[in-house]
Amino acid sequence: MRLPPKYTQMTAVAVLAGATLVTLAALFFIIVFVLHKGLPVVSWRFLFTNPQEMGRAGGIFPTLVGSVLLPLLGIAIAMPLGVGTAVYLTEYTRETKVTQVIRFGTDCLAGIPSIIFGLFGFIFFVVILRMGWSLLSGGLTLAIMILPTIIRTSEEAIRAVPYAYREVSFSLGATRWETVVKVVLPNALPGIVTGLMLGIGRCISETAAVIFTAGSSLRLPQSAFDSVRTMAVHFYILAREGLSNENAYGTAAVLILAVLLVNLTAYWLMHRFIARRTK
Amino acid sequence: MKFNREKLVERLLLVVALSAMAALALIAVFIFKEGVPFLLEVGPRQFLLSSDWRPQEGRFGVYPMIVASLWVTLGAMLIGAPLGVAGAIFLNEFVPRWVMRIIKPTIELLAGIPSVVFGFIGVVVLAPLIRAHLGGPGLSVLAGAVVLGIMVLPTVISISTDAISAVPNSYREGALALGATRWQAVHMVVLKAARSGIVASLILAMGRAVGETMAVIMVAGNAVKVPHSVLDSVRTLTANIALEMGYATGKHREALFATGVVLFVVVMILNSIATAAVRRRFGTKGTRK
């Protein structure tokens with residue numbers, strides 16, 4: 001016996017709507033739960049004082065510093081490489097074997113799990129290059145991790161710049177490089193910054209790749225060769241070793257707010273970028 | 001003068017552009033250099049098929065971890081795939097555009113929730129529920145699968161949505177003109193046309209689930225044994241690396257790198273399949289969104 005199409009349609013829509021609601025509910029539950037439990041703990045004192053007794057008491061100041069410095073360092077290293085790659089792919093070549101190799105490398109790199117980046121960063125930067133558990137090892141590892149994101153978003157942003165802009169620039173006698181620097185990149189900037197912000201967001205929330213490369217020292221770093229602990233790592237250690245549930249919730253709340261803020265900025269920028277393009 | 005500078009810039013950019021490939025090569029070389037000699041020394045059979053993991057006594061068998069990764073990943077896909085694909089269909093076909101324009105970015109935004117937070121929610125909310133209602137230790141295959149299933153939802157929804165909205169509107173109109181209902185048009189025409197993109201989203205999600213580490217360490221319990229039920233505590237390949245890396249030395253450390261080699265190969269295979277699936281559908285544009 002077959003149901004009339006009208007009823008299968010209604011059933012299907014109901015099921016699909018239910019699934020969508022479950023998805024949204026699950027994701028929102030996580031955010032609301034963490035903020036509900038964590039926000040009461042968060043205060044200026046919590047943000048700007050040092051942890052005591054391994055984080056059982058006190059604040060999260062050094063980990064806040066770690067979560068600012070490490071992503072910035074990662075971005076500072078990844079930005080020239082990523083944007084440079086995007087410029088090369090869009091402005092300097094057609095589709096050739098070389099670009100296929102580059103795209104293949106980027107796609108593969110994007111799929112590698114963060115724990116593998118952690119293993120690699122540990123053996124290569126920490127052990128072989130003798131950088132130790134440090135800001136530098138962590139930053140380099142994160143830079144490799146977010147490189148594909150930056151390449152892709154920059155490439156899209158650059159491709160979105162109308163070809164006419166370049167033609168005008170060429171017709172005025174500008175060379176390719178002058179055109180890139182003075183015309184293409186300024187126009188693609190919001191899109192590129194979106195990619196950078198998404199990269200920063202990923203760095204802030206990363207744990208596995210950071211804990212084996214940047215270490216987990218609770219002291220404020222004095223140089224690029226000092227170990228740092230990020231908020232994500234701090235939260236992991238607090239939660240896993242059961243040091244303090246209260247401080248764990250507080251750290252998680254700050255962590256989530258930071259990531260959401262960074263990602264929201266990215267989307268806002270992208271939105272503005274698209275709005276301007278389609279005008 | 002000017003000509004030379006242009007050439008120089010082009011060369012430099014080419015070098016920069018090869019950085020991603022170089023990084024990938026470095027990663028592969030160093031993980032394999034540490035892991036493969038050990039793998040050959042112990043014997044791949046022994047390493048992959050023995051259930052005896054006692055690093056202090058020189059026993060290295062990762063069979064339980066392989067089974068655990070498999071169970072947790074499949075479980076996550078059983079939860080994430082139907083929910084994610086259903087969400088993508090619903091958002092594309094059954095709600096007004098403006099609703100989708102709000103909800104899709106929201107879901108992508110939620111992809112930014114750190115995996116440690118997902119894991120923690122699993123520990124404080126999900127595990128006690130499982131312990132109370134289904135028995136067992138709570139931290140289990142089931143808890144891991146549910147947490148990972150939710151974690152991969154943004155990936156599935158985001159990429160599936162792109163695949164579904166890439167289906168030309170004329171396909172839908174054609175089906176509707178023949179008297180099909182909206183749902184008939186969707187499942188008979190649109191889904192068939194978007195199939196390879198949806199499959200790619202699922203395989204990419206699977207890659208993420210296999211590779212996820214911190215969330216799984218927190219919720220899956222980490223016992224080294226072959227699971228007999230979904231309520232058993234298990235340790236995945238990724239968890240095995242992360243848990244012991246902190247103090248491992250010598251052969252033990254090499255064994256963890258060998259675990260990394262296994263993981264690396266599995267993820268590469270999954271990603272290649274996904275890339276191939278997308279390429280077939282969209283030509284050379286690949287997985288670029």
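Before moving on, here are some points about what is shown:
This table checks each residue for (1) surrounded by fewer than 22 Cβ atoms within 10 Å (Cβ to Cβ); (2) among the hydrophobic types (A, V, I, L, M, F, W, C); (3) touching a His at 6+ places or on another chain (Cβ under 9 Å).
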| site | (1), (2), (3) |
| --- | --- |
| B:82 | yes, no, no |
| B:98 | yes, yes, no |
| B:106 | yes, no, no |
| B:110 | no, yes, no |
| B:121 | no, yes, no |
| B:132 | yes, yes, no |
| B:135 | yes, no, no |
| B:145 | no, yes, no |
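- Test: residue in the range A:146-159 that is outside any helix (DSSP H, G or I), under 21 Å from residue A:184 (Cα atoms) and of a type in the set (Val, Ile, Thr): no
- Neighbours by Cβ (under 7 Å, 6+ apart or cross-chain): first from the range A:81-105, of a type in the set (D, E, K, R); second assigned to a helix (DSSP H, G or I): A:91/A:176; A:91/A:180; A:91/A:184; A:95/B:284
- Taken over the range A:245-275, the criterion of being of a type in the set (D, E, K, R) and modelled with pLDDT under 85 is satisfied by A:272 alone.
- Helices (runs of 4 or more DSSP H) fully within the range A:43-143 that include at least 3 residues being within 11 Å of chain B (Cβ to nearest Cβ) and under 30 Å from residue B:244 (Cβ atoms): A:61-87, A:97-111, A:114-121.
- Against the conditions (1) more than 7 Å from every other protein chain (Cβ to nearest Cβ); (2) among the β-branched types (Val, Ile, Thr); (3) within 20 Å of residue A:259 (Cβ to Cβ), residue B:113 satisfies every one except (1).
- Boolean, residue B:26 is among the aliphatic types (A, V, I, L, M) and either more than 9 Å from chain A (Cβ to nearest Cβ) or over 19 Å from residue B:241 (Cβ atoms) (or both): no
- Residue in the range B:58-71 that is assigned to a helix (DSSP H, G or I), modelled with pLDDT of 90 or more and within 14 Å of chain A (Cβ to nearest Cβ) present: yes
- Boolean, residue A:64 is over 23 Å from residue A:216 (Cα atoms), aliphatic (A, V, I, L, M) and in contact with a helix residue (DSSP H, G or I) (Cβ under 7 Å, 6 or more places away or on another chain): no
- Verdict on residue A:239 being under 19 Å from residue A:75 (Cα atoms), at the interface with chain B (Cβ under 9 Å from one of its Cβ atoms) and part of a helix (DSSP H, G or I): no
The values are calculated or read from the model by the stated rules, or taken from the named source; none is laboratory data. Fair warning: this is a prediction, and the values are worked out from it, not measured in the lab. With ideal geometry, Cβ positions are generated from the backbone for all residues, glycine too; neighbour counts draw on all protein chains shown.
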